[in-house]
């Protein structure tokens with residue numbers, strides 16, 4: 001049996017062809033994300049993307065928004081706590097596919113107050129990161145902070161840091177005074193430090209990205225980085241109580257560098273960075289090996 | 001001497017003609033806000049708006065964005081602490097005007113960490129509310145929480161609650177699942193309560209306005225009110241330490257009702273509501289009486 005894994009997100013898909021030992025022997029990218037396709041287009045897009053990779057015994061494991069309600073077929077959220085065997089058992093068998101296809105479900109969680117959370121795609125990255133006990137952080141549009149205990153994902157929170165940054169940078173009154181997006185490390189650190197220092201959190205600080213410019217104490221060129229620092233610092237401040245040492249960060253190198261600055265300011269220095277694409281490939285391989 | 005006051009904001013202006021005792025004897029509204037005008041259009045707009053009101057000895061007091069850098073003439077921010085006499089003394093005399101015109105400066109503040117804040121227009125409302133010791137809250141696009149001690153505004157914070165609501169409702173992934181904006185009191189209260197209860201603040205809760213819909217535990221019709229509750233509750237939660245009893249709320253009746261729900265959930269029930277238009281008129285009158 002051979003295995004192919006596909007990370008099929010909203011805006012693009014990435015396919016991994018695995019060797020018998022789990023090594024990625026080929027990789028293909030496509031811009032045909034799940035949000036851009038009608039339901040009946042998925043089989044052909046998958047066949048095109050995997051052309052030449054499929055044999056009679058090939059299994060294809062799909063993760064991400066492909067399994068959302070508006071995707072190809074809905075793979076309902078599996079409630080936490082969840083472990084790899086549970087995810088594999090809940091994987092949705094797809095019939096109208098060019099191979100033996102399975103869609104990994106997303107995860108849902110509720111905290112003690114009943115507040116709901118969902119993730120889709122990140123569960124596969126968490127599995128691929130090794131599932132060591134502690135906090136696993138997946139920064140992004142909707143950052144996830146997951147708790148892992150005894151090989152299970154026991155719960156998680158979401159902070160909309162990336163989306164808030166985009167909204168405030170591009171659509172708000174703060175953004176009107178910003179000039180450019182050139183990274184400014186000092187401005188980022190100032191924002192993160194202020195967010196971590198403020199006992200009331202980051203909300204009463206956001207407007208300073210405008211007020212400090214109006215009063216001449218922040219350069220318009222520094223607004224974007226300052227705002228990024230405020231929001232990432234605010235995310236770390238809000239989740240600080242969930243943050244022990246031994247934190248795993250799953251993302252690209254640029255985001256990892258920013259989060260490591262904010263985490264270090266919060267006293268968290270034992271941070272392992274796992275590349276997001278590596279994590280999803282390893283997670284797809286792991287789930288593929290557990291499918292019945 | 002007769003007095004006219006003008007609240008000239010970004011999107012509209014409102015003029016008040018005062019009787020000799022400070023009573024408003026006439027009022028005019030215009031959609032010709034400061035953000036919609038070129039600098040050389042201000043004199044004519046003012047003359048048109050005040051037609052028939054001006055006598056040789058009439059003084060006109062202007063407050064709001066008319067005094068911003070991008071307004072008619074910049075009336076630089078006066079640093080806190082500030083009192084009515086200081087605001088009147090710093091009012092900018094305007095020469096190219098159809099009457100004896102003065103623009104009230106905005107206020108600036110810096111907290112102990114150096115975080116900047118500015119307001120423009122709200123200082124006049126705070127004066128008009130009576131300047132009693134305590135916390136004065138002006139909910140809105142950029143809510144202001146001001147501290148008044150001994151007849152002076154000693155400092156203030158800004159929380160971008162109104163703008164965040166608009167961005168999240170209209171431009172974010174949360175808004176995609178929202179259906180309509182019909183007020184839903186139970187959803188508002190649920191959001192406010194959750195924001196006040198969460199020790200990590202409101203940031204980790206915003207995404208629940210999507211997740212709870214996906215899991216069937218929140219109706220799409222309730223998302224707008226739930227989000228409003230989260231944000232107003234989050235604002236009150238962040239400012240709770242600045243909140244004693246004896247709080248004054250300056251805004252319209254609809255916003256006042258929402259904030260009173262959130263404040264009551266936080267245990268603040270001694271709330272005096274002052275109508276925003278009444279407050280600005282009284283503030284303009286008060287500053288007018290102090291002009292040299």
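Computed from the coordinates by the stated procedures, all read-outs in this text should not be read as laboratory data. These figures come from a predicted structure and were not determined experimentally. Quick reminder, even Gly has a Cβ in these numbers, built from the backbone with ideal geometry, and neighbours come from all protein chains shown.
Among rounded, prolate and oblate, which fits region B:134-292 when a ≥ b ≥ c are the square roots of the eigenvalues of its C-alpha gyration tensor, a/c under 1.5 means rounded, and a/b larger than b/c means prolate? Judged from the Cα gyration tensor, region B:134-292 comes out prolate (a/c at least 1.5, a/b above b/c). So what's the angle, to the nearest 10 degrees on a 0 to 90 scale, between helix A:161-171 and the longest Cα principal axis of chain A? Helix A:161-171 sits roughly 60 degrees off the main axis of chain A.
Tell me, how many Å apart are the Cα centres for region A:80-148 and for region B:27-70? First find each Cα centre; the distance between them is then 59 Å.
If both residues of a DSSP beta bridge must be in chain B, then about 65% of such bridges are antiparallel. Applying 1/(1 + (r/R0)^6) with r as the Cβ-Cβ distance of residue A:278 and residue A:221 and R0 = 51 angstrom yields a FRET efficiency of 0.90. Placing a label point 7 Å from the Cα of residue A:185 along the Cα-to-Cβ line, the residues of region A:250-280 whose backbone N sits under 16 Å from it are A:254-265.
With a simple spin-label model that places each label point 7 Å from the Cα along the Cα-to-Cβ direction, the separation between residue A:290 and residue B:55 comes to 8.6 nm.
Between the Cα long axis of helix A:253-265 and the first principal axis of chain A there is an angle of about 50°, rounded to the nearest 10. Look at B:1, A:254, A:239, A:160 and count the other Cβ atoms within 10 Å of each Cβ; fewest to most, that gives A:254, B:1, A:239, A:160. Counted by neighbouring Cβ atoms within 10 Å, the residues B:101, B:251 run from fewest to most as B:251, B:101. Model label sites at residue B:269 and residue A:176, defined 7 Å from Cα along the beta-carbon direction, differ in position by 4.1 nm. Contact order, relative form, for chain A: 18 percent (alpha carbon pairs under 8 Å, 6 or more residues apart, mean separation divided by residue count).
Dividing the Cα radius of gyration by the Kirkwood radius, what Rg/Rh value follows for chain B?
Working: Rg = 20.4 Å, Rh = 20.1 Å.
In chain B, Rg relative to Rh is 1.02.
The other copies place their residue B:41 label points at 4.3 nm from this one, listed shortest first, where each point is 7 Å from Cα along Cα→Cβ. Sorted from closest to farthest, the other copies place their residue B:132 label points 5.9 nm away, with each point set 7 Å from Cα along Cα→Cβ. Spin-label pair residue B:154-residue B:133: with each label point 7 Å from Cα along the Cα-Cβ axis, the two points sit 0.9 nm from one another. With neighbours defined as other Cβ atoms within 10 Å of a residue's Cβ, the residues B:145, A:53, A:72 order from fewest to most as A:53, B:145, A:72. Against the main long axis of the alpha-carbon atoms of chain B, helix B:185-197 sits at an angle near 90°. Across identical copies of the chain, residue B:241 has label-point separations of 1.4 nm, listed in ascending order, with the point defined 7 angstrom from Cα along Cα→Cβ. Only DSSP H runs of four or more residues enter the estimate; each adds -39500 (n - 2.57), and after division by the residues of chain A the mean residue ellipticity at 222 nm equals -10500 deg cm²/dmol. Note on region B:1-111: antiparallel DSSP beta bridges, both residues inside, total approximately 55 percent of the bridges counted.
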